[in-house]
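Below: the structure, in structure tokens.
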Protein chains: 2
Amino acid sequence: MRKESRWIRWIKWIVIVTVLFVLGFCIGWFAKPSNTQNHTDSSHYLKDFLEEMKADKIREHLRKFTQLPHLAGTEQNLKYAEQIMKEWQMFGIDSVEMVPYDVLLSYPNESQPNYISIVDHLGNEVFNTSLAEPVPQGYEDISNIVPPYSAFSAKGQPEGDLVYVNYGRTEDFSQLQREMGINVTGKIVIVRYGKIFRGNKVKNAVLAGAKGIIMFSDPADYWADGIQPYPDGWNLPGRGVQRGNVLNLNGAGDPLTPGYPAKEYTYRVSPEDGVGLPNIPVHPIGFHDAFRLLNNMGGEIPPNNWKGALNVSYRIGPGFTDEFKSQKVRMNIHTNNQVTRIYNVIGKIRGAQEPDRYVILGGHRDAWVFGGIDPMSGAAVVHETVRSAGRLLSTGWRPRRTIIFASWDAEEFGLLGSTEWAEDNARLLQERAVAYINADSAIEGMYTLRVDCTPSLHTLVYDITKQIPSPEGGEEGVSLYESWHKRDNWTNDRDAPRISKLGSGSDFEAYFIRLGIASGRARYTKNTKTERYSSYPVYHSVYETFEIVEKFYDPSFKRLQAVAQVRGALIFLLADSQLLPLDVNEYADSLRKYAQSIAQLAQKNLVEMEMYKVSFDSLFSAVENFTVAARDFHERLQTLNKADPLQLRIMNDQLMYLERAFIDPLGLPGRPFYRHVIFAPSSHNKYAGESFPGIYDALFDIQNSADPAKAWEEVKRQISIAAFTVHAAAMTLTPPA
Amino acid sequence: MRKESRWIRWIKWIVIVTVLFVLGFCIGWFAKPSNTQNHTDSSHYLKDFLEEMKADKIREHLRKFTQLPHLAGTEQNLKYAEQIMKEWQMFGIDSVEMVPYDVLLSYPNESQPNYISIVDHLGNEVFNTSLAEPVPQGYEDISNIVPPYSAFSAKGQPEGDLVYVNYGRTEDFSQLQREMGINVTGKIVIVRYGKIFRGNKVKNAVLAGAKGIIMFSDPADYWADGIQPYPDGWNLPGRGVQRGNVLNLNGAGDPLTPGYPAKEYTYRVSPEDGVGLPNIPVHPIGFHDAFRLLNNMGGEIPPNNWKGALNVSYRIGPGFTDEFKSQKVRMNIHTNNQVTRIYNVIGKIRGAQEPDRYVILGGHRDAWVFGGIDPMSGAAVVHETVRSAGRLLSTGWRPRRTIIFASWDAEEFGLLGSTEWAEDNARLLQERAVAYINADSAIEGMYTLRVDCTPSLHTLVYDITKQIPSPEGGEEGVSLYESWHKRDNWTNDRDAPRISKLGSGSDFEAYFIRLGIASGRARYTKNTKTERYSSYPVYHSVYETFEIVEKFYDPSFKRLQAVAQVRGALIFLLADSQLLPLDVNEYADSLRKYAQSIAQLAQKNLVEMEMYKVSFDSLFSAVENFTVAARDFHERLQTLNKADPLQLRIMNDQLMYLERAFIDPLGLPGRPFYRHVIFAPSSHNKYAGESFPGIYDALFDIQNSADPAKAWEEVKRQISIAAFTVHAAAMTLTPPA
């Protein structure tokens, strides 16, 4: 007994000792603060974050910020900035500041209205275009509605014969001059809006020698069949007009301070040397007035693809028919350029582990009038995102990286607010920015989601949209991904929702094309297969009201909510994932497609390609090299020890800097601020994102070149630059040493 | 008793439990691997590393690599590259590779020698300059000694009158034209070497309209008093000639592939469009031949500061005295440009904790002939550094960061090897390079140390030199710092050894001025107060042999050893220190000095400054802002938790990227590859490092401008750019969020 008892006591002792030791060990182990980030499972935070964004709240925000016109540089736009700043502070994010710049803006002269006349042989004005759009119901007492104008138009009163130049594209002018034999030197051209950015139309008109340019919205391009004009539907009324700037900035920002932020001490070039300012008068009109100008035009009847939907024959001129031969057209333009203070609102949530890594959600606040769609549908979404993020912060969440929210000013005047801030912060952004998500208009149609982004974001966009419900009626339980996929499948080759390339025309430009920060944008869109009009009918008119969204585009505000969730989830996961959710293999796949497609484009000139020894081999070889590097990188990611903060940071840095690797510091030919070798707008249309834009433009120029040997040399040079850039980008994915 | 016993038992139990728990806790605590790097005390490794570098070994390396001429692009230079690669591999560093580029080089035509003649009125050559330098003793049988020539000279046989243009500086030509009333259009100019880079002389001659340029070494500039010519001393013999390229690349690298690496697939511009190629013949001669050309010259006697030390009157011409009036000078230049393969050798030691951070030690290998001083005194030092690093690796050391050793090719032809590699690796270097230490000639005099570096390296240089012994005889126990300090105190304001600004003319250019990587160089130098000659007398002649170093410059090889230790310690501490040894306060101090000094320069034109409203206030305010940011940053460094690898990395990144912040992607005016706003050579002399070079050049141009209002506008623009850049750099030092 005694012996057993001793045995038992010994065992007891051993058990106790062991238990205590293990207990102590475990407590010691777990009590020690770990240097690896306590990566709390962020998925429940993501869920909370997305669910907190409410349709009704977005409606409230939209209502609040569309009461009054708030053109850039006006008092009301500053008031909204102050209100946004105050509310973001209340939402509880870490800091909010107002960041002003003094940039060149452009306004109509209040005492001398802009208009276009038909004048008789005595110089009497026998017809004048409207001075303003009829104000929509409920807004009759509102002042400060800027009349339709082309911002940055030259002043002047040119008088002459009209020539109709279709969309004013390079190919339109070329057809006009070569096939139709019409010289527009000294003429006033009339051009329909659509297809390309209006600034490109103006540039083409200037190059062709025109002394003035009139732009109009043709029903063929701004009218949806079976839809009533506003307020009974969402079509553009006959007297509605599209405003807009007519600059050719190519990413320069403020025309007077290219490359540098427009601060008080900044040197400004003289107004004559300002970047991208047209030197002829420009003015926009609606189709009601356009009918009057086109109706009496003489000259040839153009081919069918030059004809719009007005009840006129679209004769190209020059001038009027014999009956009205003595009548001329006179433009009366008194618009002034002036340096004006603008205000960005910048809000921040400090990153917990990597405060020096930035994820940016930015969109503009300034509007031509009320901005019901453009931009406030987007700004309301950002506002709700900030509110939700503030709520999450108050529950103890803090993202791994810093999140920056931006309410940009003066986007409508050439992306000025966003570009000046990018110039101001270029060094920080270059070293630290992980991604930029753009938040312009959140809706331009009622059909499905539209996403344009850099290829490395494809996978994240798909993952996210699978977690967000479809906003469409009758699609309960269907994900946004499925809803989108069903409506817009990519191609026959790829069974997934279509994602497009980024072009330009919104505030991501400086971040993506100048600085090389991975970027994307998401909005709700129309059915591009059946709805041919550019943007949406009331675009940049006074009819972009809160009501048009509430009555037609998104009565439940669920579409805007879905867009808020997409944009929100993008910044959430980019900011909070331990490993950056950027997919290098997708970039490789896209590069391969782009290389094939640009080579195919070139092969239209097979004979010349052989004559001038033009080969795409170096580009294909570079893409192959990139593909291997991306695959190897992706494999190494699988074995990454995420508990080692330095190893994790090193690979995240490689992911972050991949987009930067496509930047050529020398810029694209003649466009020093467009520096992305893979993505930039074509020189012929700011809206269209082209892949390998340097090669694309060089190929385009061959058609018009007087010296084909030299033009093909430029193609070869551009292929070499593209090949080098892709090789260089591949190198950034290999092990760093 | 029993009660007490129970008490005691309880206490026993409690003690046992506590002890076991604490034991377990402690074991648990310490058993858990820490993520903070086991930062072994690197100081004993540094000591081993420095002590391992031996004078005798450096002598051996120098002897080995100066046996044969090894001009860039020749077989022998490839052989040395292969030998260096093999030996670095044997030394035990992680990897060594050969990296080729195909760049434009320039060689004399072997069948048609270059020379200059005096021709009589019948066209007979009555005097010809030497075709080669007398070969030094012991080298008589050596082939492939390239005769003296000006690399990249245009071909041609211009004939005409000589004009003597002193040093060929902008101010010399200006004095010639304005004060002396001499027009050099259509003349051949003769210019003495010295003061400025020879390429600038050629550019000035071209701008002035000359049709040829002859350069000579005047004893006033290449002769030390009381010293015998080589081989009895280290002075330049009368028939010795300085070779050298005469390009104006402004950092472009290979003239045919500016901005991109010269790979096989790279597009090359046509030779006529090559960057920086002179369009007139250029040829160098010694003072023996120069005497013959100058002796008969007619025209005015120039001011004393135009006179050299030859026994001639330095008349400026044009042409000869009456007696020889009918004689002309004819240049016979047949030098060819040709695309040629060159080879860099790149060795690496992988960093243990931060393999994606690079510290580079690079210097060139190619030489005009033997390269006894330039560059092999430097290359021998690099070789010994690699050997010592290999030894240290074998003892278990591995640096925190990656070290890259480079043996550059074709430096003599315009820094081509280093620039092409920088272009090839620009993205990696931009994101990852911590510092670049240059290793050209390690000795150019026998007096003391010379260091040129970025301000943030000042403190490290002082710290290092305090740990290295003086190499001077009779200075046992004296540190290099003290020895240097005694000989070259900075100024009355600062009691420390002088450190100078980086100019250009060696391989750090692309790294520092284009990419913005903190850079420095160190070598042994002459007493600049008493020795007025540029570089050293035999510079770029055949007399740069192993023997000139062994007999005169450094018989004990202790000076080269000291330079090896300085360069070695720099890369060691930059690569291995936990916290980067870069001093932001020193940058602030330097910026303040530079701002004061450029403002002072401007104030020579006080009246005009007031007339054109030129103010330096914005620059001073930016510098003040930078100073505060630097001080605050430095204070935060003191409280940094170095055990947190992410916090450490974040601050190190701020230190690393500070130099990058001074880069303006738009480049300096007309010089797209010079992008450093604080440091670049003046447009008028590649060798001279100027601070605020944009402002400096704009002020310089005022003197020669026909439109002063416009010239002052450029000054204002440059001040604004400088102020913005300094503000932007300050921002990078503030807390990241």
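The values are calculated or read from the model by the stated rules, or taken from the named source; none is laboratory data. Predicted model, so just to flag it, every value in this text is computed and none were measured. Cβ sites come from the backbone with ideal geometry, for glycine too, and all protein chains shown count toward neighbours. For the accessible areas, the whole protein counts, side chains as well, though only heavy atoms, and no ligand, DNA or RNA atoms are used. Shrake-Rupley method; radii C 1.70, N 1.55, O 1.52, S 1.80 Å.
Of the trypsin sites (Lys or Arg not before Pro) found in segment A:258-335, those that fall in a DSSP loop while having at most 13 other beta-carbon atoms within 10 Å are A:325. Screening chain A for whole DSSP H helices with an alpha carbon extent of at least 18 angstrom along the helix axis and a mean Kyte-Doolittle hydropathy of at least -1.0 yields A:2-31, A:376-394, A:558-576, A:584-602, A:617-638, A:645-660, A:708-733. Across q = 0.20, 0.24 Å⁻¹, segment B:503-594 modelled as identical point scatterers on its alpha-carbon atoms has Debye log10 I(q)/I(0) values of -1.26, -1.35, in the order of the q list. A point 7 Å from Cα along Cα→Cβ stands in for residue A:178, and the other copies hold the same point at 5.4 nm, listed in rising order. A dipole drawn for the protein assembly as shown from +1 and -1 charges on Cβ atoms has a positive end, and of B:84, B:180, A:318 the residue lying farthest that way is B:84. The magnitude of the dipole of the protein assembly as shown, with charges of +1 and -1 set on the Cβ of Lys/Arg and Asp/Glu and taken from the Cα centre, is near 4020 debye.
Among A:415, A:402, A:474, flag the residue with its Cα farthest along the positive direction of the charge dipole of segment A:349-480, charges on Cβ as +1 for Lys/Arg and -1 for Asp/Glu. So the residue we want is A:402. In segment A:298-404, inverting the average of 1/r over every pair of distinct C-alpha atoms gives 19.8 Å as the Kirkwood radius.
Mean per-residue shielding of peptide A:643-650 is 6, counting Cβ atoms of other chains within 10 Å of each Cβ. Per residue, the convex hull spanned by the Cα atoms of segment A:452-578 amounts to 142 cubic angstrom. Here the average projected area of the convex hull drawn through the C-alpha atoms of chain A stands at 39.2 nm². Within segment A:377-421, all pairs of alpha-carbon atoms sorted by distance into 5 Å bins from zero give the percentages 5, 18, 20, 20, 16, 11, 7, 2, 0. Label point of residue A:19 (7 Å along Cα→beta-carbon): distances to the other copies' equivalent points are 2.0 nm, sorted ascending. Take the convex hull of the alpha carbons in segment B:140-202; its mean projected area over all directions comes to 6.1 nm².
The Rg/Rh ratio of segment B:195-330, with both radii computed over alpha carbons and Rh defined as the Kirkwood radius, is 1.07. When residue B:341 is represented by a point 7 angstrom out along its Cα-to-C-beta vector, the spacings to that point in the other copies are 6.5 nm, nearest first. Each chain gives up part of its surface: B and A jointly bury about 6400 Å² of accessible area, both sides summed, for a 1.4 Å probe. The mean number of Cβ atoms from other chains found within 10 Å of a Cβ in peptide B:17-23 is 5, as a whole number. Any idea what diffusion coefficient segment A:609-737 gets from Stokes-Einstein, in µm²/s, Kirkwood Rh on alpha carbon pairs, 37 °C, 0.692 mPa s? Estimated diffusion coefficient is 202 µm²/s.
Relative intensity of segment A:229-293 on a log10 scale, I(q)/I(0) at q = 0.14, 0.23 Å⁻¹, equals -0.63, -0.95, per a Debye sum over C-alpha point scatterers of equal strength in the absence of solvent.
Mind pulling the per residue volume of the convex hull built on the Cα atoms of segment A:113-253? Å³ is fine.
Measuring per residue, one finds 157 Å³ for the Cα hull of segment A:113-253.
Bridging of residue A:604 to aspartates and glutamates at a Cα separation below 20 Å is possible for A:171, A:617, A:690, A:697, A:701, A:707, A:713, A:714, once same-chain residues fewer than 8 apart are set aside. Taking Cα centre as origin and charging only the Cβ of basic (Lys, Arg, +1) and acidic (Asp, Glu, -1) residues, the dipole magnitude of segment A:341-403 rounds to 320 debye. Here the accessible area of chain A is 51 percent carbon and sulfur, with a 1.4 angstrom probe and all protein chains present. Counting, for every residue in B:612-620, the Cβ atoms of other protein chains within 10 Å of its Cβ and taking the mean gives 1.
Normalised by residue count, segment B:56-112 yields a Cα convex hull volume of 99 Å³ per residue. If you model segment A:397-458 as an ellipsoid using its alpha carbon gyration tensor, with each semi-axis the square root of five times an eigenvalue, the axes come out at 23, 19, 12 Å, biggest first. Ligands, DNA and RNA are left out, and with a 1.4 angstrom probe the accessible area of the protein assembly as shown is 36 Å² per residue.
Excluding same-chain neighbours fewer than eight residues apart, the lysines reachable from residue B:307 by a Cα-Cα span under 16 Å are B:195. If only the Cβ of Lys and Arg carry +1 and only the Cβ of Asp and Glu carry -1, the dipole of segment A:570-674 around its Cα centre is close to 140 debye. Going toward the positive end of the dipole of chain A, with +1 on Lys and Arg Cβ and -1 on Asp and Glu Cβ, which of A:540, A:581, A:132 do you reach last? The residue sitting farthest along the positive end of the dipole is A:581. Dimensions of the protein assembly as shown from C-alpha coordinates, computed as largest minus smallest value along each principal axis and given longest first, are 130, 103, 64 Å.
Our Cα-only numbers for segment B:694-733 put the radius of gyration and Dmax at 12.4, 42 Å.
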